[in-house]
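Q: For reference, the structure I am asking about is given below.
The values are calculated or read from the model by the stated rules, or taken from the named source; none is laboratory data. Bear in mind that the values here come from a model prediction, so they are computed numbers and not experimental data. No Cβ is skipped: glycine too gets one built from the backbone with ideal geometry, and neighbour counts run over all protein chains shown. What goes into the accessible areas is simple: the full protein's heavy atoms, side chains included, and nothing from ligands, DNA or RNA. Shrake-Rupley method; radii C 1.70, N 1.55, O 1.52, S 1.80 Å.
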Amino acid sequence: MPSQIDLRRLVASASLIAIAAGGVPAFAQTAEEEATARLGTVTVTAQRVEENLQEVPISISTLSDEKLDTLKSSGADVRFLSARVPSVIAESSFGRAFPRFYIRGIGNTDFDLNASQPVSLVYDDVPYESPILKGFPVFDLEQIEVLRGPQGTLFGRNTPGGIIKFDSRKPQDEFEAYVRAAYGNYNTRDLEGAVNLPVVEDVLAVRVSGLYQERDGYVDNGFTGQKDLYEGFQEIAGRAQFLLTPKGTDFSALLNLHTRSNDGNARLFRANIIDVGNKGLGSGFDRDTVFYDGQNFLTQDTSGVTLRLDKPLTEAITATYVFGYENAEIESRGDIDGGFGAAFLGAGNFGPGLIRFPVETSGAVDSLDQTTHEVRFTFDNGGALRAQAGVFLFQEEVAITSRAFASLTPGQPQTTVAQRELDTDSKAVFASLSYDLTERLVVSGGARWTEDEKQFRAAGDQRELGDEQVSWDVSAAYTATNDISLYGRIAKGFRGPTVQQRFGAPSQADSETVLSYEAGAKTELFDDRVRANISVYAFELEGQQLTIVGGLTNDVSLFNADKSEGYGFEADIEAAPTKNILMTAGLSYNKTEFKDDVIIAPGCGAPCTILDPAVFAADGVTLLGYNISGNPFPNAPEWIANVTARYGVPVPGGEIYGYTDWAFKGETNFFLYDSIEFGQEGYWEGGLKAGFKSDRGYDASVFVRNILDEEALEGGIDFNNLTGFVNEPRTYGIQLRWDF
C-alpha cells in the first residue's frame with residue numbers, strides 16, 4: 001500500500017495531469033475557435049471611480065465570480081483569501097470572528113479586541129476599523145479588490161499596508177435571483193441566495209441577500225470524554241439594499257442594511273503540539289482531540305447601515321455622500337493553556353505534556369459603535385484634468401471587559417476582571433488630481449490631512465493621545481503600446497497612535513509612517529488572451545508599531561521600532577489559451593526586516609529554542625530580552641504563490657467542467673523573536689471542483705478543499721507551553737447553484 005506521502009503526490013500529480021490534459025487539445029483548436037478566447041475587461045474602483053484595471057497605477061488583484069465562489073466552498077470564512085492573492089496573508093487566534101490581515105508583510109499580531117490594524121477593510125465604501133467588524137461574511141459580492149501599499153489618500157483611516165475592498169452586488173432594474181446550497185462532511189450546511197426586484201420601473205429597485213452556514217463539531221474533548229464537541233459554528237448574515245432613482249432627476253440614493261450572527265467555538269489552542277527543537281506540528285498532534293478542563297465558546301452579533309447619495313451638480317461635477325454606522329457585541333472564552341490541570345497538582349494531574357499553570361480567559365466587547373461620514377466631489381469634463389476632493393469623519397466608542405479565571409499562583413484560583421473604554425475621533429480632508437500630459441502619459445497626485453484623537457479610560461488610568469499628519473502619493477502611468485502600460489508610484493502613509501491594555505499596565509505606541517516606492521508593468525498580450533501584471537516595490541517604516549504578545553505573562557505590550565524595511569515583487573497572470581481553458585497564477589516575494597541596531601523583545605515563556613542574541617543588563621546576569629534586529633516581520637513569509645485552472649467541455653445542454661486551485665504559503669515566523677519551534681515550513685493547499693453547468697441556469701458540482709489534508713500550524717501561544725493552532729482540515733461535499 002502506498003504511504004501517505006505517496007498518496008499526496010498521487011493526488012497532486014493527478015490534478016496537474018488534469019490541467020495538462022485540458023491544455024493538450026486546447027492548443028490544437030482551429031484559429032477560428034482560438035479567436036473566441038478572450039479575457040474580459042476588469043473594472044475596479046481603486047481610485048473611487050470606475051476604471052480599467054490595466055490603467056490604474058497601483059498593484060491590484062481582484063477576485064470575483066466562479067473563483068470567489070470556489071474558494072469559499074464548504075462554509076469558509078474571509079480567511080480563505082490567505083495566500084490566494086500575492087502578498088496577502090490572513091490568520092486569526094479568534095477563528096471566524098477576528099481575522100488579521102497582512103499585505104507585503106505589514107500587519108499586526110495583536111489579539112486584543114481593540115487592536116489597531118495597518119490593513120483596512122472597506123465594505124461598500126465604509127472602512128471597518130475594529131477587528132471584530134472585519135470578519136463579515138462574504139456573499140453576493142460583485143468583486144473583491146486588494147490594493148497593496150499605502151492607500152491613505154483616498155481611503156479609510158489607517159492604511160499603511162493597503163486595503164481589501166468588498167463591493168456588494170447592487171440593485172438593478174431587472175429581475176435577478178440565485179440560490180446556492182451545499183452539503184459537506186462534518187454535516188456542513190451552506191446556503192446562500194439573493195433576489196433582485198425592480199419594484200417600480202426605473203425608480204426603485206430592491207436586492208435582498210442572505211447566508212446561512214452551519215457545521216457540527218468534530219473535535220473530541222479527551223479530558224471529559226465528550227465527543228464531537230468543538231469546531232462547530234453557525235453563521236447567519238443578511239443584507240437588504242434599496243436603490244432609489246426618482247424620475248425626472250439624476251439623483252440616486254442607495255440604502256444598505258446588514259446584519260450578522262456568529263455562534264460557535266473560540267479558537268482551539270492545543271497544548272504541546274510542537275516538539276522542542278523542531279518547527280511545525282510535532283508528535284503530539286491529533287486534529288480530532290483536545291484535552292480541556294475549561295470552557296470554550298464564542299458569540300458575536302453585528303449590524304449596520306450604509307447610505308450613499310449621488311447627485312451631479314453640473315455636467316462635470318458630481319457630489320457623493322456616504323454615511324456608515326456599525327454596532328457590534330462579542331464574547332469569547334477559551335482554555336488558553338490548551339490542556340488540563342497544572343504541574344503543581346502533581347504527576348498525572350496535567351496534560352497533554354507539561355502544563356505549568358492553568359489559564360482560562362474571556363474577552364467581551366460590551367458595546368461598539370462606529371460612525372463615519374464622507375462627502376466627496378469628483379470632477380471630469382472629458383478633458384485632460386480629473387479631480388476629487390472631500391472630507392471624512394470617523395467616530396468609534398468601544399467598551400471591553402477581559403477576565404482571567406485562573407491565577408498564576410499555585411493553590412490560589414481567582415477571577416481577574418479588567419475593563420476599559422476607548423473613544424476615537426478622526427477627521428480628514430483629502431484631494432487628488434490626474435492630468436493627461438500627453439495621450440500616453442498621465443500624472444497623478446493626492447494628499448490627505450488626518451487628525452486622530454483617542455481617549456482611554458481604565459481603572460486607575462486615563463489618558464489622551466493623538467496626532468495629525470499628511471499622507472500623500474504621486475504617480476505616473478505611461479502607455480507604451482496598446483498592450484503595455486508602465487507606471488511608477490511613491491506614497492506615504494501613516495497609522496495614528498494607539499493604546500492597549502489587558503491585565504497589566506496600559507502601554508501605548510506613537511504614530512508609525514511608511515514611505516513606499518513602487519513600479520510596475522501591466523500587459524494584455526496575444527490578442528487579449530493573456531493578462532500579465534508585475535510590480536516591484538520597496539518601503540521603509542519609521543516608528544513601526546509592534547506588539548509583544550504572550551511571553552511570560554500572556555499580555556499585550558505596544559512599542560515602536562525606529563526603522564523597518566521591506567522590498568519585493570508581485571506578479572498576477574491570467575490566460576485564456578482557448579475558449580475552454582482559463583488559467584491564473586500569482587507569485588510574490590516579500591523580504592521584510594527590522595533594521596535598528598538593537599531592538600529588545602522578550603522571548604518565550606515556554607521551553608522554546610530562541611535563535612536571537614540575548615541582551616543582558618549591565619550586571620551581565622539580568623536578562624533584558626533578545627535582540628530581534630534583522631528578523632522578518634511576524635506572519636510575513638517571503639514566498640507566496642497560487643495557481644488555478646479551469647477546463648470546460650461543451651456537451652448537449654451545457655458544459656462539464658473542472659476547476660483546481662493551489663496556494664503556497666512560504667516559511668513563516670509567528671513572533672518578533674526567531675525560534676526553531678514557533679514557525680511553520682512552507683506548504684501547499686489545494687482544492688478541486690467539478691460539475692455540470694446547464695444552459696438552463698443551474699450548476700451541480702462536487703468539491704474538496706485542502707485536498708491533500710495538509711496539517712500545518714497557523715500560529716502559536718508561547719507563554720505556558722508549546723501551544724499552537726492549526727489550519728482547516730480536508731472538507732468535501734456537493735453543491736447546487738441555480739441562477740434565475
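Q: Can you give the extra length, in nm with one decimal, that the chain gains between HIS373 and ALA538 once fully stretched, where that is 0.36 nm per residue apart less the Cα-Cα distance?
A: Gain on extension, HIS373 to ALA538, equals 56.1 nm.
Q: Can you tell me the Rg and Dmax of region 342-448, counting just the alpha carbons, in angstroms?
A: Calculated on Cα positions, Rg and Dmax stand at 27.7, 80 Å.
Q: Still on this structure, please answer the following. Taking the solvent-accessible surface of protein heavy atoms with a 1.4 Å probe, what is the per residue accessible area of the chain in Å²?
A: I get 39 Å² per residue for this part.
Q: Using the alpha-carbon centroid of each, what span in Å lies between region 640-666 and region 507-553?
A: Measuring centre to centre over Cα atoms gives 29 Å.
Q: Which whole-Hz ³J(HN,Hα) couplings does region 347-360 yield from phi under the Karplus relation 6.51 cos²θ - 1.76 cosθ + 1.60, θ = phi - 60°, glycine and proline marked x?
A: 4, x, 10, 7, x, x, x, 7, 10, 5, 7, x, 9, 9
Q: Any chance you could look up the accessible area of ILE164 with a 1.4 Å probe, heavy atoms only, rounded to 10 Å²?
A: 0 Å²
Q: Which part of region 268-307 falls in the paramagnetic zone of THR224, meaning amide N under 11 Å from the point 7 Å along Cα-to-beta-carbon?
A: Hits in region 268-307 for THR224 at 11 Å: 292-297.
Q: First compute the accessible area of the chain with a 1.4 Å probe, then give the percent of it belonging to carbon and sulfur atoms.
A: Reported share for carbon and sulfur atoms: 57 percent.
Q: Taking Rh as the Kirkwood radius, which is the inverse of the mean 1/r over Cα pairs, what is the Rg/Rh value for region 459-504?
A: Result: Rg/Rh = 1.39.
Q: Report, as a whole number in µm² per second, the diffusion coefficient that Stokes-Einstein gives for the chain at 10 °C and 1.306 mPa s using the Kirkwood radius over alpha carbon pairs.
A: 59 µm²/s
Q: For ASP310, ASP718, what's the largest-to-smallest order of accessible area, 1.4 Å probe?
A: ASP310, ASP718
Q: In addition: Starting from the amide H of ILE336, placed 1.01 Å from N in the peptide plane, find each other amide H under 5 Å away whose residue is 5 or more places distant or on another chain.
A: Result for ILE336 returns VAL359, GLU360, THR361.
Q: Please give the per residue volume of the convex hull enclosing the alpha carbon atoms of region 635-740, rounded to a whole number of Å³.
A: Hull volume normalised by residue count: 122 Å³.
Q: While we're here: Suppose every Lys and Arg Cβ carries +1 and every Asp and Glu Cβ carries -1, with no other charges. What dipole size does region 235-348 come out with about its Cα centre, to the nearest 20 debye?
A: In debye, rounded to 20, region 235-348 gives about 340.
Q: Let me ask you something else. Determine the relative contact order of the chain: mean sequence separation of Cα pairs under 8 Å and six or more apart, normalised by residue count, in whole percent.
A: Contact order relative to length: 12 percent.
Q: Report the residues of region 189-214 in range of a label on ASP263: point 7 Å along Cα→C-beta, backbone N strictly under 20 Å from it.
A: Only 189-192, 210-214 pass the distance filter.
Q: For q = 0.16, 0.17, 0.18 Å⁻¹, what log10 I(q)/I(0) does region 534-605 give under the Debye formula with an equal point scatterer on each alpha carbon and no solvent?
A: Those come out to -0.74, -0.78, -0.82, one per q.
Q: Taking the alpha-carbon distance from LYS247 and a cut-off under 26 Å, which lysines remain once sequence neighbours fewer than 8 residues away in the same chain are dropped?
A: LYS170, LYS311
Q: Provide the FRET efficiency to the nearest 0.05 for the SER694-THR41 pair, computing r from the beta carbons and using R0 = 25 Å.
A: Efficiency at R0 = 25 Å is approximately 0.40.
Q: Moving on. Within region 235-261, find all residues whose amide N lies under 19 Å from a label point positioned 7 Å from the Cα of TYR321 along Cα-to-beta-carbon.
A: Of the residues in region 235-261, 242-247, 249-257 have backbone N under 19 Å from the label point off TYR321.
Q: For the pairs LYS72/LYS665; LYS72/LYS492; LYS67/LYS227, note any where the Cα-Cα span goes beyond 24 Å.
A: Beyond 24 Å: LYS72/LYS492; LYS67/LYS227.
Q: If you build the convex hull over the alpha carbons only and average its shadow over all orientations, what do you get for region 366-408? Give it in nm² to one decimal.
A: With the hull built on Cα positions only, its mean projection is 6.0 nm².
Q: Something else about it: Write down the radius of gyration of region 270-339 and its Dmax, each obtained from C-alpha positions, in Å.
A: Expressed in Å, the Cα Rg and Dmax of region 270-339 come to 24.8, 70.
Q: Would you calculate a helix-derived [θ] at 222 nm for the chain, using -39,500 (n - 2.57) for each DSSP H run of n ≥ 4 and dividing by the full residue count, to the nearest 500?
A: -1500 deg cm²/dmol
Q: With labels modelled as points extended 7 Å from the Cα through the Cβ direction, what inter-label distance (nm, one decimal) is found for VAL615 paired with GLU681?
A: Inter-label distance under the simple model: 3.2 nm.
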